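Undergrad: Quick one: structure below, then a few questions.
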């Protein structure tokens, strides 16, 4: 499995994107949680997770998304999944997150979902 790689950017004034690449599992989910905690501390509560280069997603990684969404919603925000890889989408679907959280195929739609 490949190491987790995280990169942040801005999609709109109040929407941050996190590019998630590699493996998100029990060994690496803490890195994502720390980054999200930093963004929350900076008062960024609308987060898009770009998952097109996410090779592997374990339930611990999915748990990080669930926790991020709960905290974001507590502050009037939320999360959206952007272009999930097939393997990531399969895991998110099996866990039922496709019925709970929004998915988008392009940045504009992702931003609109969170506005």
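Since every read-out is calculated from the coordinates, none of them should be taken as a lab result. All values derive from a computational prediction rather than experimental measurement. Methodologically, a virtual Cβ is constructed for each residue, glycine included, from the backbone with ideal geometry; neighbour enumeration extends over all protein chains shown.
Undergrad: Divide by every residue of the chain the summed helix terms, -39500 (n - 2.57) for each DSSP H run of at least 4, and state the resulting mean residue ellipticity at 222 nm, rounded to the nearest 500 deg cm²/dmol. Write out the running numbers ahead of the final one.
TA: Values: 4 runs with 46 residues, N = 115.
Result for the chain, helices only: -12500 deg cm²/dmol.
Undergrad: Along the Cα→Cβ direction, 7 angstrom out, place labels at residue 2 and residue 55. What is the inter-label distance in nm?
TA: 0.6 nm
Undergrad: To the nearest Å, what is the center-to-center distance of region 1-75 and region 85-104, using C-alpha atoms only?
TA: Measuring centre to centre over Cα atoms gives 14 Å.
Undergrad: If you restrict to DSSP beta bridges whose two residues both lie in the chain, what percentage is antiparallel, to the nearest 5? The partial results should precede the final answer.
TA: Values: 7 of 22 bridges.
The antiparallel proportion sits near 30 percent.
Undergrad: Just one of [x] 1.32; [y] 0.94; [z] 1.11 is Cα Rg over 2.2 N^0.38 Å as worked out from the coordinates here. Which one is it?
TA: So the calculated entry is the one marked [y].
Undergrad: Highest mean first, how do 29-35, 79-85, 102-108, 60-66 rank when packing is the count of other Cβ atoms within 10 Å averaged over residues?
TA: Values: 29-35: 16.9, 79-85: 22.0, 102-108: 14.6, 60-66: 19.0.
Output ranking for 29-35, 79-85, 102-108, 60-66: 79-85, 60-66, 29-35, 102-108.
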